[in-house]
Structure formats: structure tokens, C-alpha cells
Amino acid sequence: MELQPFDPTFDDCTWTDAWTRVPVIQLVPGEYPGFSIRTWRIDEADVCGQRVRLSHPLDVRGLVTADGRLWMSDVPQERLMMYNNAQASRGDVLVGGLGIGLYPQYAVPHIRTLTIVEQSAALVEVVEPVVRIAADAHRVPVEVITGDVEDVLRGEPVARYDTIFLDTWDTLDAAHLPTVNRLRDLAIPHLSEGGRVLLWGYVWMLRLFEEACERLLQVAPAERYSWLRVMTRQRPAVWTLLMPVVEHFAGQEIGNMDAALAWCRDYATRVTV
Ligand SMILES: C[S@@+](CC[C@H](N)C(=O)[O-])C[C@H]1O[C@@H](n2cnc3c(N)ncnc32)[C@H](O)[C@@H]1O
């Protein structure tokens, strides 16, 4: 069966404990320009909605911004999702962005080359050396470009990457879908024949959208507009995303929710900004 350039059903939350057997080089705790790296120990964790007890305590790292926000970490859920995306990767790979370098470490055993685009120069300074150690061990050439991956994707299509992995969004939120879909559409022309785009947490975000869609469609048709206005008062992006659902099902009581949600899912994989 021919592989599609993007598979919206690829679920990077699919559980496997294989990630626990792949050691990763962790960042050194301390203060860095613009952020600090903290460390703590866990013996259980939420992993994609499931509480998982670890067989051994795990030291994890968190990257905390100057205003105290936990920006990124290497907790089990992150490791599982990066591991799954890395397993699905092959050949010449383009990545946006670098993060704390988990995905590259999981990917280098089975790819040919790695090109990473990361917008934070401060992060590149700290994380690139770690990625190079892992890549050198597998003789994988690495190029790290400091910049905006969207600018790269807007450039002349090169049709040369076998895998393009994107995860420039900080959180898994259905409201990101239009932007994520736009990046996907920009990425596809850069794929070689049979290549594939992977998007961090896509199935998770689709599921969140589907849940929001279901709550909206359970409201009586005449009430949906006001309901949505109240529910999204603080979240204009969610309003914009869900208004086409109100319009599509205007005046309709939902007899077959599964069919309605299938429409919602299809819409959410196509909508862009
Ligand atoms: C969720 S983290 C990536 C985690 C990473 N995959 C890992 O394995 O650790 C998101 C990263 O994307 C970067 N980023 C955000 N927007 C970007 C953009 N437009 N272009 C390039 N990098 C971007 C952030 O600075 C951050 O390093």
C-alpha cells in the first residue's frame, strides 16, 4: 500500500515501553541565558491520559523560562511521543524545532541525515552539542539552522526529505490545528517521493477538537451560536475554529453523532489559516 504524505491517524501516543530502553543524553541543570534547566525525580507520570508507574525512578529535566514557565521537559509522555515519531522517521530528515533534543536522539539510529531548524539561538547553543554527540555515534551528518522553520518551508520546494517532523507548538491544543495544517501543507512539497510529514500530537489535538465538536452539537441548534460565544469568550481562536461547525449544522438536530463527528474530524484535518 502506498504511504500517504500525511497520515492523520498516526498516533504518536500509542503506548510502548521501548523508549525506556533507549538512554538519552540529558541537559546539564543550571542557569543559561533566557532560561534555566531544572531536574527532579519521578516514579510515576501521566502519559497520554494514563497514569503510569515506572519500574525505576526517573530523573527528568525541565527547561524553565525567565518568567517561571515550564517550557519543555523530558518527562515520559514527551519521551514516548518523540520515540514514536522517531520510529516512523527514515532517510533524510528535516525537523522544526530542536527543543531539548529528544527526537533527534531517538531518530539517529535509523536515519541518513538530519537538518534541524530552531528559532531560539540560546537553545541551539545548549542543545546542539548534545545532538551532535548522538548523531556522531551513528555517523549521521547534522545541520542546525537557527531560524523560523516556516520561512524554510516557504522557500523553493526541494522535494528531498524522506521525513519532515514538525513540533514547533508548545502545547497540545485543538486551537493549533489550523496553523499546524498550514505547516503540513507547506512541508509536503519538500518531501521526496514516498516521503512523509509527521506532526507532534496530531491525533491528540484532533481528539480534543472532536470532543469540543460533540459538546457543541449536543446543544440545541438555536442555542449553539450563543453557547459558543460564551464558551470561547477568552479563546477567539477556538471561536474561529468552531464557527464553521455551527454553520455547517445550522438548524439540524444531530441524529447520528458518529457521522457528525466524522465530518468534524475531516474538517479539522483540512482547516488552515
Ligand atoms: C515542543 S519543542 C520541540 C521538542 C523537540 N522535538 C525535542 O525532541 O525535544 C518546540 C521547539 O520549537 C521551537 N520553535 C517554535 N517555533 C519555531 C519556529 N517557527 N521555527 C523554528 N523553531 C521553532 C521552540 O523554540 C522549541 O525549541
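The values are calculated or read from the model by the stated rules, or taken from the named source; none is laboratory data. Model, not experiment: these values are computed from the prediction. As a convention, Cβ positions derive from the backbone with ideal geometry for all residues, glycine included, and neighbour counts pool all protein chains shown.
Just a few scattered comments:
- For segment 172-185, the candidate set comprises residues that are within 12 Å of the ligand (Cβ to nearest atom) and farther than 14 Å from Phe209 by Cβ; within that set, the residue that is surrounded by the fewest Cβ atoms within 10 Å (Cβ to Cβ) is Arg182.
- In segment 187-201, the residues that are assigned to a helix (DSSP H, G or I) and surrounded by fewer than 21 Cβ atoms within 10 Å (Cβ to Cβ): Ile188, Pro189, His190
- When residues of segment 97-111 are limited to those that are at pLDDT 95 or above and in contact with a Leu (Cβ under 9 Å, 6 or more places away or on another chain), the one surrounded by the most Cβ atoms within 10 Å (Cβ to Cβ): Pro104
- A Cβ distance below 6 Å, combined with a sequence gap of six or more or placement on separate chains, defines the contacts here; from segment 95-110, residues that are more than 6 Å from the ligand (Cβ to nearest atom) reach residues that are in a helix (DSSP H, G or I) in the pairs Pro104/Val131; Gln105/Ala134; Tyr106/Met82; Tyr106/Tyr83; Tyr106/Ala86; Ala107/Ala86; Val108/Ala134; Val108/Ala135.
- Test: residue in segment 112-126 that is within 14 Å of the ligand (Cβ to nearest atom), modelled with pLDDT of 95 or more and over 22 Å from the mean Cα position of the chain (by Cα): yes
- Candidates in segment 111-133 are the residues that are touching a residue at least 40 places away in the same chain (Cβ under 8 Å) and of a type in the set (Gly, Ala, Ser); of these, the one that is farthest from Thr163 (Cα to Cα) is Ala122.
- Here Leu153 meets the list (1) out of contact with any His (no Cβ under 8 Å at 6 or more places or on another chain); (2) within 11 Å of the ligand (Cβ to nearest atom) almost entirely, failing just condition (1).
- Boolean, Leu63 is crowded, with 21+ Cβ neighbours inside 10 Å, touching a Ser or Thr at 6+ places or on another chain (Cβ under 8 Å) and farther than 29 Å from Pro189 by Cα: yes
- When Arg235 is tested against (1) within 12 Å of Ala212 (Cβ to Cβ); (2) in contact with a Phe, Trp or Tyr (Cβ under 7 Å, 6 or more places away or on another chain), exactly one condition is not met: (2).
- Filter pass, Leu94 being farther than 29 Å from Val52 by Cβ and buried (at least 21 other Cβ atoms within 10 Å of the Cβ): yes
- Close contacts from segment 157-172, counting a first residue that is assigned to a loop (DSSP other than H, G, I, E, B) and a second that is β-branched (Val, Ile, Thr), with Cβ to Cβ under 8 Å and a gap of 6+ residues or different chains, come to Thr168/Val149; Trp169/Thr179; Trp169/Val180.
- Checking segment 16-26 against the condition returns no match, with no residue being of a type in the set (Lys, Arg) and touching a residue at least 24 places away in the same chain (Cβ under 8 Å).
- Only one of the listed residues (Val75, Val158) is farther than 20 Å from Gly201 by Cβ, more than 9 Å from the ligand (Cβ to nearest atom) and surrounded by fewer than 23 Cβ atoms within 10 Å (Cβ to Cβ). That residue is Val158.
- Each residue in segment 137-167 was checked for being under 17 Å from Tyr103 (Cβ atoms) and over 19 Å from the mean Cα position of the chain (by Cα), and 8 pass.
- Qualifying residue in segment 135-144 (condition: in the same structural domain as Val28 (by TED's automatic domain parsing) and near the ligand (Cβ under 9 Å from one of its atoms)): no
- Those residues of segment 238-265 which are among the acidic types (Asp, Glu), under 14 Å from Glu214 (Cα atoms) and in a helix (DSSP H, G or I), in sequence order: Asp258
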